[in-house]
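Novice: Before anything else, here's the structure in question.
The values are calculated or read from the model by the stated rules, or taken from the named source; none is laboratory data. Computed from a prediction, not measured in an experiment: that's the story for all the values here. Using ideal geometry, Cβ is built from the backbone for each residue, glycine included, and neighbour counts are taken over all protein chains shown.
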Amino acid sequence: MSVGWGFDVHRFGGDPPVLLAGVAADLTRGLLGTSDADVVAHAVADALLGAAALGDLGDSFPPSDPRWDGADSMELLRTVVGRFHAEGLRVAHLDVTIVAESVRLTPVREAVRAALADVLGIELGLVSVKATTTDGLGFLGRDEGVAAVAVVTAFRPGAVS
């Protein structure tokens, strides 16, 4: 077994919509980033890379490389999933927390869960997605952006414990 932890944050200012695992969660605002600034996809990718000891998202997709300008983060996540699987690892469970003051998860939660389950190739019941605020504290509390944290539990099928 191994565990990976990922974190990502982007500030508001990009073109709409705000994407969470490829799902449009806010149609009036966007987030700034090299790619489409999908904080959920980025946090999950970093968690997978961490569980496999493969570095971080910036190592795999350097922001200085113009190939990643405007990239689809769910496609980047698919690439990371392929690398993760190539290491002989599978996801036992994924837990994601979205931190945002005004972007609401409830209307899109099940779509976000389904998108993540699909890209990871796991059952929906193994994906937890929840949200919280910072009660007005800090840059997230001032509603300047959105963050996500992801924890992945991974295993190698057939490995003896």
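Novice: For segment 54-95, give me the residue count where each residue is farther than 16 Å from residue 154 by Cβ and of a type in the set (A, V, I, L, M, F, W, C).
Specialist: Of the residues in segment 54-95, 6 are farther than 16 Å from residue 154 by Cβ and of a type in the set (A, V, I, L, M, F, W, C).
A quick yes/no check of all residues on (1) modelled with pLDDT of 95 or more; (2) in a strand (DSSP E or B); (3) within 21 Å of residue 11 (Cα to Cα):
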| residue | (1), (2), (3) |
| --- | --- |
| 108 | yes, no, yes |
| 113 | yes, no, no |
| 119 | yes, no, no |
| 128 | yes, yes, no |
| 131 | yes, yes, yes |
| 146 | yes, yes, yes |
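Novice: Against the definition (in contact (Cβ under 8 Å) with a residue 40 or more places away in the chain, outside any loop (DSSP other than H, G, I, E, B) and not small (Gly, Ala, Ser)), how does residue 80 come out, yes or no? Please lay out each step first, then the result.
Specialist: Details: in contact (Cβ under 8 Å) with a residue 40 or more places away in the chain: no; outside any loop (DSSP other than H, G, I, E, B): yes; not small (Gly, Ala, Ser): yes.
No, not satisfied.
Novice: Kindly list the number of the only condition in (1) over 21 Å from residue 33 (Cα atoms); (2) part of a helix (DSSP H, G or I) that fails for residue 74.
Specialist: With respect to (1) over 21 Å from residue 33 (Cα atoms); (2) part of a helix (DSSP H, G or I), residue 74 is out only on (1).
Novice: Within segment 83-106, track down each residue that is assigned to a strand (DSSP E or B), over 11 Å from residue 48 (Cα atoms) and aliphatic (A, V, I, L, M).
Specialist: Once the filter is applied, which keeps residues that are assigned to a strand (DSSP E or B), over 11 Å from residue 48 (Cα atoms) and aliphatic (A, V, I, L, M), segment 83-106 yields 92, 96, 98, 99.
Novice: So in segment 130-144, with the set limited to residues that are on the phi < 0 side of the Ramachandran plot and in contact (Cβ under 8 Å) with a residue 40 or more places away in the chain, which one is nearest to the chain's Cα centre (by Cα)? Lay out the reasoning, then the answer.
Specialist: Let us first name the residues in segment 130-144 that are on the phi < 0 side of the Ramachandran plot, namely 130-134, 137, 139-142, 144.
Adding the requirement that they be in contact (Cβ under 8 Å) with a residue 40 or more places away in the chain leaves 139-142, 144.
Working: 139: 20, 140: 17, 141: 20, 142: 22, 144: 19 Å.
Checked segment 130-144; the qualifying residue nearest to the chain's Cα centre (by Cα) is 140.
Novice: Search segment 1-17 for residues being over 13 Å from the mean Cα position of the chain (by Cα) and within 30 Å of residue 89 (Cβ to Cβ), and hand back the single one that is modelled with the lowest pLDDT.
Specialist: Initially, segment 1-17 is screened for residues over 13 Å from the mean Cα position of the chain (by Cα), giving 1-3, 11-17.
Then drop every residue that is not within 30 Å of residue 89 (Cβ to Cβ), which leaves 1-3.
On the way: 1: 93, 2: 97, 3: 98.
Top of the filtered list is 1.
Novice: Same structure, new question: Mind listing just one residue for me: the one in segment 82-94 that is among the aliphatic types (A, V, I, L, M) and buried (at least 21 other Cβ atoms within 10 Å of the Cβ) and, of those, nearest to residue 42 (Cα to Cα)? Working first, answer last.
Specialist: So the first thing to find is which residues in segment 82-94 are among the aliphatic types (A, V, I, L, M), and the list is 86, 89, 91-92, 94.
Next, only the ones that are buried (at least 21 other Cβ atoms within 10 Å of the Cβ) stay: 89, 91, 94.
Values: 89: 19, 91: 16, 94: 14 Å.
Once the filter is applied, the top-ranked residue is 94.
Novice: I'd like the residue in segment 25-45 that is in a loop (DSSP other than H, G, I, E, B) and not β-branched (Val, Ile, Thr) and, out of all such residues, is farthest from residue 147 (Cα to Cα). Explain how you work it out, then say what you get.
Specialist: From segment 25-45, those in a loop (DSSP other than H, G, I, E, B) are 27-29, 32-38; that's our starting set.
Okay, now just the ones that are also not β-branched (Val, Ile, Thr), so 27, 29, 32-33, 35-38.
Working: 27: 17, 29: 15, 32: 12, 33: 12, 35: 15, 36: 14, 37: 10, 38: 9 Å.
Filtering segment 25-45 for residues that are in a loop (DSSP other than H, G, I, E, B) and not β-branched (Val, Ile, Thr), the one farthest from residue 147 (Cα to Cα) comes out as 27.
Novice: Conditions first: (1) loosely packed, with under 15 Cβ neighbours inside 10 Å; (2) touching a residue at least 40 places away in the same chain (Cβ under 8 Å); (3) among the hydroxyl-bearing types (Ser, Thr, Tyr). Residue 97 passes all but one, so which condition is the exception?
Specialist: (1)
Novice: I'm checking my understanding of the structure. Among residues of segment 19-30 that are over 18 Å from residue 45 (Cα atoms) and not hydroxyl-bearing (Ser, Thr, Tyr), which one is surrounded by the fewest Cβ atoms within 10 Å (Cβ to Cβ)? Can you show your working first?
Specialist: Of all residues in segment 19-30, those over 18 Å from residue 45 (Cα atoms) come to 24-30.
Next, from what is left, pick out any that are not hydroxyl-bearing (Ser, Thr, Tyr): 24-27, 29-30.
On the way: 24: 12, 25: 24, 26: 19, 27: 9, 29: 18, 30: 18.
Taking the candidates together, the pick is 27.
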